[in-house]
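Novice: Sharing a structure here in structure tokens format.
The values are calculated or read from the model by the stated rules, or taken from the named source; none is laboratory data. Everything quoted here is computed from the prediction, not taken from an experiment. Virtual Cβ from ideal backbone geometry, glycine too; neighbours counted across all protein chains shown.
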């Protein structure tokens with residue numbers, strides 16, 4: 001401590017800007033500064049800039065000077081029936097997919113909470129999908145569903161004699177997207193639930209067994225209370241993520257057939273990078289951001305509750 | 001003494017260097033290193049251009065001109081080019097562009113108007129006068145002028161602005177399995193079923209209309225184990241295929257052909273602001289044409305029912321031996337003949353695309369042009385512009401064009417196509433040449449992507465059986481009318 005004070009004194013006594021800058025009380029902020037600068041340039045500035053753009057009439061395709069139009073694009077987005085249709089599609093996909101992930105993830109967690117041969121290897125295999133890239137999963141399922149030579153179609157043809165085009169109907173296409181998304185993310189739910197399951201004290205189950213409590217009663221009174229906040233966390237986290245679903249849908253169906261699987265994420269992309277309605281896409285993106293912030297607040301609330309429970 | 005001797009030596013050396021520099025200066029002052037970066041889709045026609053450039057390009061100015069290709073995969077080509085242009089990075093000096101993008105990027109101030117440069121340069125003027133009018137119309141003019149207008153008004157046409165030159169002119173033709181179409185058993189069965197000859201030779205395919213094509217579709221639908229040609233089908237086999245995909249323009253290109261052949265119209269951008277969308281796009285003729293298009297999907301592989309039968313999927317299914325024939329772009333022909341990628345590489349032949357038979361017995365094969373022009377960007381310096389125009393002249397020289405045609409490309413120069421040798425350079429050349437006279441193009445206005453995306457979506461709904469042809473075209477007409485009125489293109 002004394003030696004560093006001496007060094008600092010020597011630096012100060014040598015004088016100059018560098019010495020002032022490297023003074024001990026400034027070293028902390030100095031070390032954090034690069035990260036803050038990057039954060040500002042890469043996140044905060046574009047965020048503010050695009051928010052500002054949503055109040056102007058501007059297309060990135062043209063070199064015209066933007067006109068201030070106030071809330072016109074927010075009004076247009078909110079009153080656009082297409083936007084509401086895309087929100088509806090997104091809601092259907094989100095609710096179906098998150099429900100499927102929850103059920104499958106929960107069942108997998110129950111399975112893996114027990115000890116059995118090859119458990120570790122199987123657990124690794126089950127976790128693999130969520131480590132894959134979204135693009136790879138999209139391409140994989142596209143080939144899987146391909147009606148002429150795809151595995152699903154070939155399997156169905158063995159029974160019906162006819163090829164099966166899952167993505168040929170709106171309902172089939174939504175099911176196809178939900179299966180792909182659920183396949184990828186159920187392991188994530190499983191991991192969270194598994195963490196809850198292993199944290200249940202063994203003596204509670206032993207006591208319940210002595211009381212001859214049924215399996216359902218044991219689950220209701222012991223297991224579920226321990227995992228319910230983790231389940232809520234999983235639901236919220238997966239809802240937020242699925243709400244922004246883009247990659248899998250774009251590769252698998254490109255929003256089709258027609259617009260049956262076009263999520264709000266795909267629609268924002270079209271507005272921004274295909275139609276080049278920059279301001280309108282920015283306004284819609286901020287409405288989506290608002291929805292995600294609401295969901296995130298719920299998520300943080302659940303996290304805090306879980307932390308209190310653990311304490 | 002020593003110091004003065006050294007000083008003398010330095011003095012002599014300096015004089016010698018200065019003299020040498022003066023002697024070399026005139027030649028070196030004119031020679032400059034110019035690098036042209038071109039945005040190009042990653043496929044054989046642009047790969048060949050780069051290879052041939054490195055082999056044979058010599059700059060007349062003496063400059064050291066380099067052509068650097070930024071190869072971009074097809075699916076993200078538009079987004080990548082648009083992002084580069086709109087970001088202001090000014091990365092590209094030349095761009096291979098789809099003809100539909102002209103309006104968007106001309107209005108945005110990114111593509112250079114070359115009218116004056118062409119007028120001033122007799123070599124470029126000669127090239128324009130040798131290009132097929134359909135190509136000048138689609139690839140070069142904005143606001144768009146019709147092929148007929150270009151035919152009637154050679155360069156420089158009044159009130160016309162020219163932007164691009166053909167990098168790769170493309171048309172769709174028929175790819176077919178000659179082992180099946182020239183098979184005696186199949187021919188006999190086809191004759192019995194439809195009282196028609198099964199087309200085998202190029203000349204036979206010149207007489208194929210949509211009715212015959214539909215019959216071909218019906219005839220070649222086979223289940224696994226059914227007789228096929230001289231053997232049996234090793235898997236389910238399908239008669240025909242054409243574009244029926246939701247992505248980009250992968251159904252519009254084929255639907256437009258049906259519409260034009262039936263005598264219908266799309267919104268006519270050359271007659272702004274009088275031309276209307278409502279009443280034209282959803283006319284009775286257009287509905288009949290679209291219903292005709294939809295009626296043959298049942299003879300295609302089941303992927304057509306999902307709206308994902310894009311140009312690559314139908315090409316792949318043909319190459320894997322799943323279909324008897326397909327209608328696809330010439331640009332996708334080369335892999336069909338490659339044993340590494342195609343199971344039918346030694347069994348394939350090519351003919352003109354089918355069309356609609358008129359009352360006088362002739363066949364109307366009007367189709368939507370494919371391929372791409374290449375353009376110059378507006379931020380180039382005069383030296384770069386001059387070098388880029390040299391590249392244009394080199395690419396459109398008959399020698400280069402013949403080499404291109406011999407390596408899977410196509411020429412847009414009428415003098416090159418008139419060469420008797422041209423037809424035999426690649427097996428599809430004759431069909432391409434015949435189809436070129438029938439080509440028209442979709443819109444070039446800046447709103448094209450919105451018009452296209454909405455249209456593709458509605459076509460896709462009809463293709464997948466969610467709505468009728470009438471409902472699809474009504475929705476398209478309403479949307480186009482509104483969008484184009486908002487843009488001030490319809491009054």
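Novice: Any residue at all in segment B:427-445 that is within 14 Å of chain A (Cβ to nearest Cβ) and not in a helix (DSSP H, G or I)? Give the steps one after another, and end with the answer.
Specialist: Taking segment B:427-445 as the starting set, the residues that turn out to be within 14 Å of chain A (Cβ to nearest Cβ) are B:445.
Imposing the further condition that a residue be not in a helix (DSSP H, G or I) reduces the set to B:445.
For segment B:427-445, residues within 14 Å of chain A (Cβ to nearest Cβ) and not in a helix (DSSP H, G or I): present.
Novice: Give the number of residues within segment A:169-213 that are surrounded by 23 or more Cβ atoms within 10 Å (Cβ to Cβ) and either touching a strand residue (DSSP E or B) at 6+ places or on another chain (Cβ under 7 Å) or within 14 Å of chain B (Cβ to nearest Cβ) (or both).
Specialist: 3
Novice: Further question: Mind checking which residues of segment A:40-79 are modelled with pLDDT of 95 or more, part of a loop (DSSP other than H, G, I, E, B) and closer than 16 Å to residue A:268 by Cβ?
Specialist: A:54, the sole residue that qualifies.
Novice: Condition first: free of Cβ contacts under 8 Å to residues at least 40 places away in the same chain and farther than 30 Å from residue B:205 by Cβ. Now tell me which residues in segment B:142-194 satisfy that.
Specialist: Answer for segment B:142-194, where residues must be free of Cβ contacts under 8 Å to residues at least 40 places away in the same chain and farther than 30 Å from residue B:205 by Cβ: B:152, B:153, B:154, B:155, B:157, B:158, B:159.
Novice: Looking only at residues that are more than 7 Å from chain B (Cβ to nearest Cβ) and surrounded by 17 or more Cβ atoms within 10 Å (Cβ to Cβ) in segment A:141-152, which one is nearest to residue B:223 (Cα to Cα)? Steps first, please.
Specialist: Step one: filter segment A:141-152 for residues more than 7 Å from chain B (Cβ to nearest Cβ), giving A:141-145, A:149-152.
Going one step further and asking which of them are surrounded by 17 or more Cβ atoms within 10 Å (Cβ to Cβ), we end up with A:141-142, A:144-145, A:149-150, A:152.
Values: A:141: 25, A:142: 24, A:144: 21, A:145: 20, A:149: 14, A:150: 17, A:152: 18 Å.
Residue satisfying both the conditions and the ranking: A:149.
Novice: Right, another one. Have a look at B:335, B:373 and point out the one that is assigned to a helix (DSSP H, G or I), more than 14 Å from every other protein chain (Cβ to nearest Cβ) and within 25 Å of residue B:75 (Cα to Cα).
Specialist: Details: B:373 fails: assigned to a helix (DSSP H, G or I).
One residue alone meets the criteria, B:335.
Novice: Hey, which of the helices (runs of 4 or more DSSP H) in segment B:61-137, taking only ones fully inside, have at least 3 residues that are within 14 Å of chain A (Cβ to nearest Cβ) and over 27 Å from residue B:150 (Cβ atoms)?
Specialist: On the way: elements: B:77-87, B:102-107, B:115-120, B:122-130.
Output list reads B:77-87.
Novice: Here are some conditions: (1) touching a helix residue (DSSP H, G or I) at 6+ places or on another chain (Cβ under 7 Å); (2) away from every other protein chain (no Cβ under 11 Å); (3) over 18 Å from residue A:84 (Cα atoms). Residue A:246 meets all but one. Which one does it not meet?
Specialist: Result: residue A:246 fails condition (3) only.
Novice: Give me the residue from segment B:166-197 that is part of a loop (DSSP other than H, G, I, E, B) and under 30 Å from residue B:405 (Cα atoms) and, out of that set, farthest from the chain's Cα centre (by Cα). Spell out how you get there, then give the answer.
Specialist: Just the residues of segment B:166-197 that are part of a loop (DSSP other than H, G, I, E, B), to begin with: B:171, B:182-183, B:195-197.
If we keep only those that are under 30 Å from residue B:405 (Cα atoms) as well, we get B:171, B:182.
On the way: B:171: 6, B:182: 30 Å.
This residue is B:182.
Novice: Inside segment B:231-285, can you point out the residues that are over 30 Å from residue A:250 (Cα atoms) and assigned to a helix (DSSP H, G or I)?
Specialist: Residues satisfying the conditions are B:260, B:261, B:269, B:270, B:271, B:284, B:285.
Novice: When residue A:273 is evaluated against the numbered criteria (1) modelled with pLDDT under 95; (2) within 13 Å of chain B (Cβ to nearest Cβ); (3) within 19 Å of residue A:84 (Cα to Cα), which criterion, by number, is the only one it fails?
Specialist: Against the list (1) modelled with pLDDT under 95; (2) within 13 Å of chain B (Cβ to nearest Cβ); (3) within 19 Å of residue A:84 (Cα to Cα), residue A:273 comes up short only on (3).
Novice: I've got another one for you. So, residue B:108, is that one within 27 Å of residue B:171 (Cα to Cα) and in contact (Cβ under 8 Å) with a residue 60 or more places away in the chain or not? Talk me through it step by step, then tell me what you get.
Specialist: Working: within 27 Å of residue B:171 (Cα to Cα): no; in contact (Cβ under 8 Å) with a residue 60 or more places away in the chain: yes.
No, not satisfied.
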